[in-house]
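S.K.: Here it is, the structure, as structure tokens.
The values are calculated or read from the model by the stated rules, or taken from the named source; none is laboratory data. Note that the structure is predicted; figures quoted are calculated from it, not measured. FYI the Cβ positions are ideal-geometry reconstructions off the backbone, even for glycines, and counts take in every protein chain you see.
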Amino acid sequence: MNLLEIKNLKMDFGAGADALRAVDDVSLTIGAGETVCLVGESGCGKSVTALSIAQLVPAPPANYVGGEILLNGRDVLKMSNSELRGIRGGVVSYVFQEPGASLNPVFRIGNQIKESLKLHKPEKATNDEVIRLLKLVGIPAPESRIKNYPFEMSGGMQQRVMIAMALASEPKLLVADEPTTALDVTIQAQILELLHDLKQRLGMAILLITHNLGIVGDMADRVAVMYAGQIVELSPAKELLCRPFHPYTKALINSVPKLAGGASRLSAIPGNVPRIGNFPPGCRFAPRCPIAKPECSEKMPELVEVEAGRWVRCPFWKTP
Amino acid sequence: MIETAPIQNPNAEQPLSPWQLFRRRLKRRRIAMAGGVILIGLYLVALFAGFIAPCNFERLDTNYSFHPPLWPKLSGFHLVVPRYEAGAGSFVYHAVAGDTKPLRFFIRGDKYKLFGFLPATVHLFGTGNDQYPVYLLGTDQFGRDVLSRLLYGSQISLSIGIIGILLSFSFGMMIGGISGYFGGRTDTVIMRLCELIMSIPALYLIISLRATFPPGMSSAQVYAMIIIILSFIGWAGMARVIRGMTLSLREQQFVLAARALGQTHLKVIVRHILPNTFSYVIVAATLSVPYYILGEVVLSFLGVGIQEPNASWGNMLTAAQNTEYLRNYPWLLAPGAAIFVTVLAFNFLGDGLRDAADTKS
């Protein structure tokens, strides 16, 4: 049994005639100990999908119209509030984009980590355990650091504290929502290495959300590429990077600057992501697609398994 | 000689905590510090009122109605208190020449209870003889010592402010936090209720609320009633401001992070959102205490507050309503001066706290 199984998840913002489909028919599985990357431009539904795993999108306005999210075989969408509170932090933990904003500015970090322990492991809510967690995430001199306020730490340290909080309850799945976007490059590498290392040691699964394809190759076992609320390509990471199938994935990979290859212009995807609620008919990528054909704008392509483990939402994926 | 490198204090590089910065900024504001010191003094005096007061607040001395303030004189190395006799005409007193008693300290006198429970008889000063009373601030129409009543009254008047603030602010913060956090219909209902309360003129609301309580109440009941009435009016303004702050705080990522840890809505409000409003709340509380003190004064002045013979600054001022009394016996205004000093001290301290809490300065 997979740890997490999202099946045909459909989520609207709002209801009735004003409903805007933010997540459309997303299916995704994560096995125990697996790292899955969710890649896509801003506003394509990555974060909302990830937050849905623990029902953290406030409802209303969120409105789940279809599908299910099975966590250890149980549907999160049907859970009671108290069950959800057990899941949050207990089975699924989150690390967010801006570590500075994720920590409460008026409390010492030791107390914030302790709060996490109190919720899920009340018998272990001690200073010793907090220090052990800070050591685990590689914070030097944790004994003196527990008295620090968040603003006394650098961004990288703050993110380590956030990770320590997330790990306090030994979750099965760590959802990292662009954990390194707000950090500078060297710190990014350190944090990613830390996540990788912790994954090996603790055997948890990671759902890593990013718009940085550079991260994908280092971290991910599998990658899901999202566009306008849909998964357009789902594939093992190495194969996706070497041999992308969907034109959107190809365009994304092409827009990563390369050091080798001379001073060619950086290629960008023309146009913008369609606004939610204003999706084009048929394939949503068609208006920006270099290989679009007239029929692309007529019928929505299905997500099809074209090779073992490789799913693509484009009938013309073979077109070079 | 070996030169040693200067050893740096390891703490010197530690950035100051917000609290330390706040205290440092506050210390630079002299007027605020003066206000704070005055308030500490006033509250200490109120705490030890029974000990400092020369006699009980209920003690009548009908021979000495409207006695003017009397100050001990220096005779040799002693402070002495002369004996006074009622002269011709009403409420005119003369010192009897040569008939004095030395003023003594830590002297036994009326029974009282220190801090409300420790029985004691020792007073700070006195003559130990009822024939030689020490009326430092004169007496009222029943010959009761104004100073003693002022001290006992301060226990009521000063504590009403603090308890009232605690009650109305904790209620207002909770309601405001809930209103802002949940939003939607909850928010609309709560905010309209606040506006309803705020739109009624406070004085009418106070008096009509007073009418809902039965007339014959013990002084402890009246005390509680005043606090409840004033808090009932006071929470609405606080709730509105906290609601506004919560609206912006709830969008902060640490709220989502707390939710993602499995924290309940109520704990997110209490533990994560409200503490972020404290710097505002502390300032607002300090600036609002005078409102409660003055509220008690108004209620007692109107005769619906603390009842005689119990003393409060408000009901003592009731005696000073009469213009003839005011002209002839101005010392009856002493509680007015006490209110003035207290309110001013709270305002100075509050202003200083606000400036110190403002990190942009």
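S.K.: Quick check on A:Met219: is it of a type in the set (A, V, I, L, M, F, W, C) and over 26 Å from A:Pro274 (Cα atoms)?
M.R.: When the stated conditions are applied, A:Met219 passes them.
S.K.: Among the residues of segment A:238-260, count how many are touching a residue at least 24 places away in the same chain (Cβ under 8 Å) and over 18 Å from A:Pro301 (Cα atoms).
M.R.: 7
S.K.: Now for a separate question. State whether the residues of segment A:22-40 include one that is farther than 29 Å from A:Gly214 by Cβ and either in contact (Cβ under 8 Å) with a residue 12 or more places away in the chain or in contact with a strand residue (DSSP E or B) (Cβ under 8 Å, 6 or more places away or on another chain) (or both).
M.R.: No, the conditions are met nowhere in segment A:22-40.
S.K.: Out of everything in segment A:67-77 that is away from chain B (no Cβ under 14 Å) and either in contact with a Leu (Cβ under 7 Å, 6 or more places away or on another chain) or not in a helix (DSSP H, G or I) (or both), what residue ends up being surrounded by the most Cβ atoms within 10 Å (Cβ to Cβ)?
M.R.: A:Ile69
S.K.: In addition: So, in segment B:136-187, of the ones that are without any contact (Cβ under 8 Å) to a residue 60 or more places away in the chain and small (Gly, Ala, Ser), which residue ends up nearest to B:Ala53 (Cα to Cα)?
M.R.: For segment B:136-187, the residue satisfying everything is B:Ser170.
S.K.: Just wondering, is there one or more residues in segment B:256-279 that are farther than 16 Å from B:Ser179 by Cβ, among the basic types (Lys, Arg) and crowded, with 22+ Cβ neighbours inside 10 Å?
M.R.: Yes; the residues of segment B:256-279 include at least one that is farther than 16 Å from B:Ser179 by Cβ, among the basic types (Lys, Arg) and crowded, with 22+ Cβ neighbours inside 10 Å.
S.K.: Could you go through segment B:51-74 and let me know if any residue there is in a strand (DSSP E or B), surrounded by 12 or more Cβ atoms within 10 Å (Cβ to Cβ) and polar (S, T, N, Q).
M.R.: no
S.K.: Do any strands (runs of 3 or more DSSP E) entirely within segment B:88-201 hold 2 or more residues that are among the β-branched types (Val, Ile, Thr), and if so, which?
M.R.: B:93-102, B:118-126
S.K.: Okay, moving on. Quick one: how many residues across segment A:86-132 are basic (Lys, Arg) and modelled with pLDDT under 85?
M.R.: 2
S.K.: Can you find, within segment B:206-247, the residue that is surrounded by the most Cβ atoms within 10 Å (Cβ to Cβ) among those that are closer than 16 Å to B:Leu274 by Cα and among the basic types (Lys, Arg)?
M.R.: Out of the qualifying residues, it is B:Arg243.
S.K.: Let me ask another. Does A:Arg145 satisfy the condition of being modelled with pLDDT of 85 or more and away from chain B (no Cβ under 11 Å)? First the steps, then the outcome.
M.R.: Details: modelled with pLDDT of 85 or more: yes; away from chain B (no Cβ under 11 Å): yes.
The answer is yes for A:Arg145.
S.K.: Considering segment B:244-256 alone, what residues qualify as being touching a Phe, Trp or Tyr at 6+ places or on another chain (Cβ under 9 Å) and more than 9 Å from chain A (Cβ to nearest Cβ)?
M.R.: B:Met245, B:Thr246, B:Leu247, B:Leu249, B:Arg250 - these are the residues of segment B:244-256 that are touching a Phe, Trp or Tyr at 6+ places or on another chain (Cβ under 9 Å) and more than 9 Å from chain A (Cβ to nearest Cβ).
S.K.: While we're looking at this one, here's another question. Among A:Ile113, A:Ile139, A:Ile109, which is more than 30 Å from A:Arg21 (Cβ to Cβ), crowded, with 17+ Cβ neighbours inside 10 Å, more than 14 Å from every other protein chain (Cβ to nearest Cβ) and not basic (Lys, Arg)?
M.R.: None of the other options fit; the residue is A:Ile139.
Listed here are the residues, each with its yes/no results for (1) in contact (Cβ under 8 Å) with a residue 12 or more places away in the chain; (2) within 13 Å of chain B (Cβ to nearest Cβ).
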position	(1), (2)
A:Tyr64	yes, no
A:Met79	yes, yes
A:Ser82	no, yes
A:Arg88	yes, yes
A:Val92	yes, yes
A:Ser102	yes, yes
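S.K.: Now a separate question. Within segment A:43-55, identify whether any single residue is more than 26 Å from A:Trp311 (Cα to Cα), in a strand (DSSP E or B) and within 12 Å of chain B (Cβ to nearest Cβ), and answer yes or no.
M.R.: no
S.K.: How many residues are more than 8 Å from chain B (Cβ to nearest Cβ) and farther than 29 Å from A:Asp184 by Cα when one looks only at segment A:116-136?
M.R.: Applying the first criterion (more than 8 Å from chain B (Cβ to nearest Cβ)) to segment A:116-136 yields A:117-118, A:121-136.
Narrowing further to those that are farther than 29 Å from A:Asp184 by Cα: A:117-118, A:121-129.
Selection size over segment A:116-136: 11.
S.K.: Somewhere in segment B:197-216, is a residue within 29 Å of B:Lys267 (Cα to Cα) and not β-branched (Val, Ile, Thr)? So that I can check it myself, show each step before the final result.
M.R.: Going residue by residue through segment B:197-216, those that are within 29 Å of B:Lys267 (Cα to Cα) are B:197-198.
From what is left, the residues that are not β-branched (Val, Ile, Thr) are B:198.
Within segment B:197-216, one or more residues are within 29 Å of B:Lys267 (Cα to Cα) and not β-branched (Val, Ile, Thr).
S.K.: For segment B:249-361, which fully contained helices (runs of 4 or more DSSP H) count at least 1 residues that are modelled with pLDDT under 85?
M.R.: B:278-301, B:313-318, B:323-328, B:334-357
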